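The values are calculated or read from the model by the stated rules, or taken from the named source; none is laboratory data. Fair warning: this is a prediction, and the values are worked out from it, not measured in the lab. No Cβ is skipped: glycine too gets one built from the backbone with ideal geometry, and neighbour counts run over all protein chains shown. Accessible surface areas use protein heavy atoms only, side chains included; no ligands, DNA or RNA. Shrake-Rupley method; radii C 1.70, N 1.55, O 1.52, S 1.80 Å.
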Amino acid sequence: MAGLIDQIEPLKQTALAELKSTADLAALEQTKGAWLGANGKFTALMKQLGTLPKEEKPAAGKLINITKIALEAALAERRTELELKAALPKEPTDFTLPGRRRALGKLHPLTQVTEDIVRSFRKIGFVVADGPEIEDEYHCFDALNTPADHPARDTQDTFYLNALGASRSESHSAGETPAARSLLLRTHTSSVQIRVMKSQPPPVRIIVPGRVYRRDNADATHNPTFQQIEGLYVDKGVTVGDLKGTVEFVFKELLGRDVKIRFRPHYFSYTEPSFEIDFSNALVKKLGKDWLEIAGCGMVHPQVFENVGYDPEVWTGWAFGFGIERIAMIRYGINDIRLFYENDVRFLRQF
Ligand code: DAH
């Protein structure tokens with residue numbers, strides 16, 4: 001039966017072509033079954049071998065075996081190819097795309113401004129001092145010559161934390177020394193002046209960056225929490241000229257050479273004389289203003305020196321305090337203080 005042997009080669013070619021064109025491993029398994037499975041086309045051919053005349057069997061059997069081995073080899077080869085293909089990424093890789101990188105965090109704009117201010121003061125010999133945010137009335141007010149009945153306390157109303165549960169008015173109306181010890185969130189960094197002077201003899205040359213609290217409702221220029229930086233310089237023969245020169249130096253470093261500074265008489269209970277510092281530059285002009293109030297300052301009040309045990313006949317000094325947000329707002333042209341506290345990365349990323 002020459003028919004059987006003649007069928008082998010064409011069947012082999014068809015099978016090889018089908019194996020080659022399989023698209024994935026599942027298709028390959030299917031094709032394998034269709035040819036070499038129990039009911040496969042090639043298996044059927046092998047089964048026909050038994051029907052051949054005896055003398056034709058050896059040659060036909062040999063050819064069938066060789067063909068089967070060739071098919072199995074082709075199957076294995078295609079399987080390797082398809083396995084490799086399956087392991088590759090589905091999407092073609094675009095090597096021109098920017099790489100994936102871990103997003104690097106940044107310092108908050110207020111931290112950046114604070115660090116710049118600190119750097120400027122370090123150049124002229126100041127060191128950073130620190131104090132607690134939970135203060136007592138003594139360090140925050142009384143020792144700064146602001147007794148309980150002083151109207152300046154109203155403008156710096158804050159959050160009181162009274163361990164005994166006494167209300168604020170009770171502790172105030174008492175008007176005695178124990179009331180001076182009730183706890184509060186500090187309204188200014190000036191409290192650290194007292195802590196530092198009480199802990200060391202003069203001279204003193206410190207700056208104090210830190211968080212302060214007031215009972216203000218949040219709006220574009222107010223936030224119940226904000227940052228200040230305090231400066232205190234105590235030595236012999238210190239003058240307002242030193243204060244002005246220092247402030248001018250630091251502001252020029254921070255905000256550029258075209259900065260102008262103006263001192264305006266003011267009142268603070270812990271300085272005499274006292275001033276407010278106004279500041280002007282191109283940016284302030286752009287806001288349609290000539291001057292922007294930026295800080296309070298003055299010559300340390302003799303009573304404050306008495307309170308900390310410094311002899312006011314020997315020692316002189318100046319102090320100042322300003323809001324860090326204000327400076328950051330001028331520097332970056334930000335019009336709402338609340339942006340600093342919302343932690344919106346779209347805002348923070350810009351600095
Ligand atoms: N403590 C004042 C405030 O929070 C700012 C200030 C004014 C600080 C005068 C000073 C100073 O050291 O001398 O508004």
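Each Lys and Arg contributes +1 and each Asp and Glu -1, all at the Cβ; summed about the Cα centre of the chain, the dipole is approximately 1900 debye. Taking 0.36 nm per residue of sequence separation and removing the Cα-Cα distance, the ASP336/ARG211 pair yields an extension gain of 43.2 nm.
For the chain, the solvent-accessible area works out to 56 Å² per residue, with a probe of 1.4 Å and every protein chain left in place. Rounded to the nearest 500, the 222 nm mean residue ellipticity of the chain from helices alone is -12500 deg cm²/dmol, with -39,500 (n - 2.57) taken per DSSP H run of at least 4 residues. Protection proxy ranking, highest mean first, for peptides 62-69, 90-97: 62-69, 90-97, where packing is the per-residue count of other beta-carbon atoms within 10 Å, averaged. When the listed pairs LYS123/LYS289; LYS106/LYS285; LYS123/LYS236; LYS32/LYS85; LYS41/LYS90 are checked against a 27 Å cut-off, the alpha-carbon distance exceeds it for LYS123/LYS289; LYS106/LYS285; LYS41/LYS90. Think of the chain as a dipole: +1 on every Lys or Arg Cβ, -1 on every Asp or Glu Cβ, centred on the Cα centre; then among LEU184, LEU84, ILE66, ILE66 lies furthest on the positive end. Distance distribution P(r), region 1-135, all Cα-Cα pairs, bin width 10 angstrom from 0: 9, 23, 15, 9, 7, 6, 6, 7, 7, 6, 3, 0 percent.
Normalising the Debye intensity of the chain to I(0), with uniform scatterers on Cα atoms only, and taking log10 at q = 0.08, 0.14 Å⁻¹ returns -0.53, -1.13. So if I place +1 on the C-beta of Lys and Arg and -1 on the C-beta of Asp and Glu, and nothing else carries charge, what would the dipole magnitude of region 2-87 be about its Cα centre? I want it in debye, nearest 20. That gives a dipole near 200 debye.
Of the solvent-accessible surface of the chain, computed with a 1.4 Å probe over protein heavy atoms with every protein chain present, carbon and sulfur atoms account for 55 percent. Counting only protein chain heavy atoms and rolling a 1.4 Å probe, the accessible areas of LEU104, LEU348 rank, largest first, as LEU104, LEU348.
For region 295-351, the alpha-carbon coordinates run over 54, 17, 15 Å along the three principal axes, in decreasing order.
Looking at region 179-266, the trypsin sites (Lys or Arg not before Pro) that sit in a DSSP loop and have at most 10 other Cβ atoms within 10 Å of their own Cβ are LYS236, ARG257.
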